[in-house]
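**Student:** Sending over a structure as structure tokens; questions will come in a sec.
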Amino acid sequence: MREITHFIDGAGFTGASGRFGDVMNPNTGEVQARVQFATEAEVDRAVQSALKAQIGWAQVNPQRRARVMFEFKRLVEARMDELAEILSSEHGKVIADSKGDIQRGLEVIEFACGIPHALKGEYTEGAGPGIDVYSMRQPLGVGAGITPFNFPAMIPMWMFGVAIATGNTFVLKPSEKDPTVPVRLAELMMEAGAPAGVLNVIHGDKVAVDAILDHPDIKAVSFVGSSDIAHYVYSRGTANSKRVQAMGGAKNHGLILPDADLEQATKDIIGAAYGSAGERCMALPVVVPVGQKTANEVRERLLAEIDNLKVGLSTDPAAQYGPVVSAAHKAKIEGYIQTGVDEGAELVVDGRGFQLQGYENGYFLGPSLFDQVKPAMKTYQEEIFGPVLQIVRAETFEDALALPSNHQYGNGVAIFTRNGRAAREFAQRVNVGMVGINVPIPVPVAYHTFGGWKRSAFGDANQHGMEGVRFWTKVKTITSRWPEGAVEDSAFVIPTMR
Ligand code: NAD
């Protein structure tokens, strides 16, 4: 059986923990490889490699670091088909969606190609007599990233793209469920010209994560995953005096006002709810039509769209979504569907029991649709992360606005309307970090910044864009004086700019 090793100091590294994770093919339910789980000492080995590489890497001028990013982008683009195929076979998302996963990561690499500009400091000439003040952004040292299964290309690139371009070196701990693409990315980063140790990959579970969180030479940790783990990572990492950004789960709402283009809105919501089998932190699993008439019409339109949905193999170009990632996750989603029924929501379409002929052991689920979902229900309050769409009916704009605003998660939200004034007011008032106006999945472009609010993110720095640059650097401010003329007397009071 294929064994996936760590990647340390520019080469594959075979760990000796004797602990492994199975890497499944979600289409068939078969084990296709096993991935090594790191010990604390193996994590330390990766950190030592990164530490050794960091001083030299930080001295490489920003333009040369940017050239490595340009070349990395070219290499990844040249291998897009191969990488997307591997990604789909381990994750279960369809090939076109895997390409989107890689492409969204590359957009952050494109941002990182402009790092010389982003790293320019500030300068004040003549802040006082003969005094100039300027600032510079310097790398932190060794950074680490801990990433979820659902975007095994994009999220690692969000993190290491900006971290490496700003002069840090990096240790990545990707999800153990789909670990092959992250290792391929590290290999390509070396091929692109990054010295050994600039990007290391270690695989594993809580043992590896804890070793990262406790390691004195790791200065910053970026985490994306579920909220309880995000909170744990944030607490333990910051207790160890690290800089931590920890993105968590989500439950994104799509409001539909009565004046919206209902045909377009329902098509957008179907794609955003069921694409990637609902396994996106920016999926739209809750639709909130305003008014009963809108709700009834939206429900009918959703039903018609669901009728035409095609669930299939991740390799099937005609499939709109493939299997979910694991048997355990499939069972968890089915459990939520049963809970929804038990707590009194109306199960309009039941996706349980869906089977693909010849692939009966695959982790497939048909689309499910609930109506009459109420805010007090557990299935509304929690993240399901599967192909399950819930209709929560609201009577007024205010009622609809209150739903995402009061929810424990605050990652993304969308509003569908033709009324610019209502959209503007919504964007201003809603208590959520990323807002779409007639945009169902409002993932900001790479030169803006990604991050939710409330239990969707712990820490105060977002991913990528200038927030990413700030997260991965520390600022140094220099006050310089070149006096002219006579020697001045000693000053015993705090200097001020009179
Ligand atoms: P997860 O929390 O199970 O795993 C994320 C990472 O944490 C993995 O690398 C995993 O190995 C590690 N981990 C798991 N259990 C751990 C433990 N007990 N202690 C320490 N580390 C542990 O998440 P997942 O299932 O891989 O991904 C799905 C979740 O990620 C969803 O909740 C989704 O909303 C969220 N997500 C959020 C964003 C965002 O930007 N807000 C983006 C993508 C995914």
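**Student:** On the basis of being in the same structural domain as Gly29 (by TED's automatic domain parsing), surrounded by fewer than 24 Cβ atoms within 10 Å (Cβ to Cβ) and either in a loop (DSSP other than H, G, I, E, B) or over 17 Å from the mean Cα position of the chain (by Cα) (or both), does Ala127 make the cut?
**Tutor:** yes
**Student:** Need a quick list: helices (runs of 4 or more DSSP H) entirely within the range 253-360 having at least 2 residues that are within 25 Å of the chain's Cα centre (by Cα) and surrounded by 18 or more Cβ atoms within 10 Å (Cβ to Cβ).
**Tutor:** Answer list for the range 253-360: 262-274, 327-342.
**Student:** Report, by residue number, each residue of the range 418-437 that is among the aliphatic types (A, V, I, L, M), over 14 Å from the mean Cα position of the chain (by Cα) and within 16 Å of the ligand (Cβ to nearest atom).
**Tutor:** Val432, Val435
**Student:** Considering every residue within the range 366-379, establish whether at least one is closer than 30 Å to Asp81 by Cα, at pLDDT 95 or above and within 16 Å of the ligand (Cβ to nearest atom).
**Tutor:** No: zero hits.
**Student:** Moving on. Could you tell me whether Leu284 is in contact with a strand residue (DSSP E or B) (Cβ under 6 Å, 6 or more places away or on another chain) and within 16 Å of the ligand (Cβ to nearest atom)?
**Tutor:** When the stated conditions are applied, Leu284 passes them.
**Student:** Quick one: which of Glu383, Glu425 is within 30 Å of Gly459 (Cβ to Cβ), of a type in the set (Asp, Glu) and buried (at least 17 other Cβ atoms within 10 Å of the Cβ)?
**Tutor:** Selected residue: Glu383, the only one of Glu383, Glu425 that is within 30 Å of Gly459 (Cβ to Cβ), of a type in the set (Asp, Glu) and buried (at least 17 other Cβ atoms within 10 Å of the Cβ).
**Student:** Looking at the range 367-374, is at least one residue more than 24 Å from Pro323 (Cβ to Cβ) and among the hydroxyl-bearing types (Ser, Thr, Tyr)?
**Tutor:** No, that holds for no residue.
**Student:** What residue, of Asp217, Asp205, is under 19 Å from the mean Cα position of the chain (by Cα) and surrounded by fewer than 21 Cβ atoms within 10 Å (Cβ to Cβ)?
**Tutor:** Asp205
**Student:** Next question. Of the residues in the range 428-466, how many are surrounded by fewer than 20 Cβ atoms within 10 Å (Cβ to Cβ) and of a type in the set (A, V, I, L, M, F, W, C)?
**Tutor:** The number of residues fulfilling the criteria is 9.
**Student:** I'd like the full set of residues that are surrounded by fewer than 24 Cβ atoms within 10 Å (Cβ to Cβ) and farther than 30 Å from Asp228 by Cα, limited to the range 130-174.
**Tutor:** Gly130, Ile131, Asp132, Val133, Tyr134, Ser135, Met136, Arg137, Gln138
**Student:** Cβ-Cβ under 9 Å, sequence separation 6+ or interchain: first residue in the range 478-494 and touching a residue at least 24 places away in the same chain (Cβ under 8 Å) and under 30 Å from Lys120 (Cα atoms), partner small (Gly, Ala, Ser) and part of a strand (DSSP E or B). Which pairs?
**Tutor:** Ile478/Ser135; Thr479/Ala127; Thr479/Gly128; Arg481/Gly128
**Student:** If you take the residues of the range 438-479 that are in a loop (DSSP other than H, G, I, E, B) and among the small types (Gly, Ala, Ser), which of them is nearest to the chain's Cα centre (by Cα)?
**Tutor:** Ranking the candidates gives Gly451 first.
The values are calculated or read from the model by the stated rules, or taken from the named source; none is laboratory data. These figures come from a predicted structure and were not determined experimentally. With ideal geometry, Cβ positions are generated from the backbone for all residues, glycine too; neighbour counts draw on all protein chains shown.
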